[in-house]
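Report on one structure; see the data block that follows.
Derivation of every value follows stated rules applied to the coordinates shown; laboratory data play no part. Since this is a predicted model, take the numbers as computed values, not measurements. Quick reminder, even Gly has a Cβ in these numbers, built from the backbone with ideal geometry, and neighbours come from all protein chains shown.
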Amino acid sequence: MKNLLFSPITIQDVVFKNRVFMSPMCQYSAQDGLVNEWHITHYLSRAIGGVGGIIVEASAVEPRGRITPYDLGIYNSEQKDAFSKLVELIKKLSPDTKIGIQLAHAGRKGSKDKPWLGEKLLTKQENGYETIAPSPIAFDEDSSVPKQMDKKELNFVKESFVNSAKMAKEAGFDFIELHMAHGYLSHEFLSPLSNIREDEYGGNLQNRLRYPLEIAKSVKEEINNMPLFVRVSATDWAKGGWDLESSAEFAKQLKLLGVDLIDVSSGGLVSYAQLETDFGYQTFFSSTIKHKANVLTSAVGLIANAYQAEHILSTKQADIIVLGRALLSDPYWCLHAAKALNVDIDWPNQYLRAKHI
Ligand code: FNR
């Protein structure tokens, strides 16, 4: 039987050796937005474990774009240099692993404490900061009311995305993902539940798409043929919210701007979202967007084992598989998955004696 999970995929000029990607997952472990030993160990382990692509966690394009003060950032040269070191190490120790970075702005969901410390809203004294959003609507009662972005701020944040993309390219990353999902800034523009603007960036669908599309266009112009992914939330899981049909339209327009792949997630916009998660619960969204917008997509969300991942690809519901928690619990997921599927993949020489036990 033909195997897809461990077959390569080429996007622009970048060849990914297989279709298993590490999902971006904030580690909330940085000081001043800088990559440190934790991040290096975390990403290198998954590279050695055989993933075709790594998407480095949400990295803020400006200080207010951080979810917590402990997020990675890519808005100054010190941060760029620290990322270069990470990329260099990956390329030295696992040369055929491709590494990308997710560029993000937290919008109204910023200025929070680490999840394991309760995610509480931080005051100025606790290193908290002002949050910004399309409209002055708080995420929930434990979040601040964000400042409504004016034209100057819209330009500043768009330029920040472009500058960060430029630095990511200079740092040696192979591809870029824009975070437009999970209720962060770009998603806040898309959804009528968080965007009640009365200018050209609010109201009807095309107006709500405008700012995220402008960001994608400007970034694409900066990075040329470097692969560009966009992560979307296919639905808010809430009445009157952003939905799958709008996501497919958004994907079509992103593709026209040169976006290569839509990374299809869901939710995150409102605290009262009603969803039931089960194995592969977002795969249907990937499949719908893939076929309606005729674009490459990824499936993510409770994909646990090799057979499930292979089935998603062989039934053409997605082009790549993005794994989050499965890779947190098992950095060597790929090595085990290949064994389960009876596919021979390279193991690190140092680990060869474990290949056939
Ligand atoms: C996440 N997720 C996430 N998503 C994203 O787009 N950017 C991010 O930085 C993060 N951060 C993050 C941290 C941690 C600890 C977890 C567990 C998750 C969501 C993640 O990428 C993924 O989409 C979901 O976890 C669903 O996939 P899995 O985990 O079921 O494979």
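Some values worked out for this structure:
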| quantity | calculated |
| --- | --- |
| Label-point separation in nm, Ser84 to Phe156, each point 7 Å along Cα→Cβ | 2.8 nm |
| Filter on Lys120/Lys316; Lys109/Lys152; Lys17/Lys252; Lys120/Lys220 - keep pairs with C-alpha separation over 31 Å | Lys120/Lys316; Lys120/Lys220 |
| Derived scalar couplings ³J(HN,Hα) [region 287-292; Karplus, 6.51 cos²θ - 1.76 cosθ + 1.60; whole Hz; x for Gly, Pro] | 4, 4, 5, 4, 7, 6 |
| For the chain, with +1 on Lys and Arg beta carbons and -1 on Asp and Glu, the positive-most of Ala138, Val15, Tyr211 along the dipole | Val15 |
| Proxy reagent accessibility, fewest Cβ within 10 Å first, across His356, His311 | His356, His311 |
| Choice from Ala133, Ala82, Ala104 with maximal GNM fluctuation in the chain (Cα, 10 Å cutoff) | Ala82 |
| Longest DSSP-loop-exposure-free segment, chymotrypsin sites (Phe, Trp or Tyr not before Pro), the chain, at most 12 other Cβ within 10 Å | 1-271 |
| HN-Hα J in Hz across region 135-151 - Karplus 6.51, -1.76, 1.60, θ = phi - 60°, x for Gly and Pro | 9, x, 10, 6, 5, 7, 6, 9, 10, 7, 7, x, 7, 5, 6, 9, 4 |
| Net length gained if the chain between Thr123 and Arg325 were fully extended (0.36 nm per residue, minus Cα distance) | 69.6 nm |
| Violating pairs (Cα-Cα greater than 28 angstrom) within the set Lys217/Lys239; Lys98/Lys166; Lys92/Lys217 | Lys217/Lys239; Lys92/Lys217 |
| Mean residue ellipticity (222 nm) of the chain, computed from DSSP H runs ≥ 4 via -39,500 (n - 2.57), nearest 500 | -10500 deg cm²/dmol |
| Cα extents of the chain along the three principal axes, largest first (Å) | 61, 42, 39 |
| Region 203-357 - Rg and Dmax from Cα coordinates, angstrom | 17.9, 61 |
| Enclosed volume per residue, in Å³, of the convex hull spanned by Cα atoms of region 92-225 | 143 Å³ |
| Derived scalar couplings ³J(HN,Hα) [region 86-93; Karplus, 6.51 cos²θ - 1.76 cosθ + 1.60; whole Hz; x for Gly, Pro] | 4, 4, 4, 5, 4, 5, 6, 8 |
| In nm, spacing of pseudo-spin labels at Asp278 and Leu244 (7 Å Cα→C-beta vector) | 1.4 nm |
| Efficiency of FRET between Glu141 and Leu34 - r from beta-carbon atoms, R0 35 angstrom, step 0.05 | 0.60 |
| Between region 192-206 and region 40-73, the alpha-carbon center distance in angstrom | 31 Å |
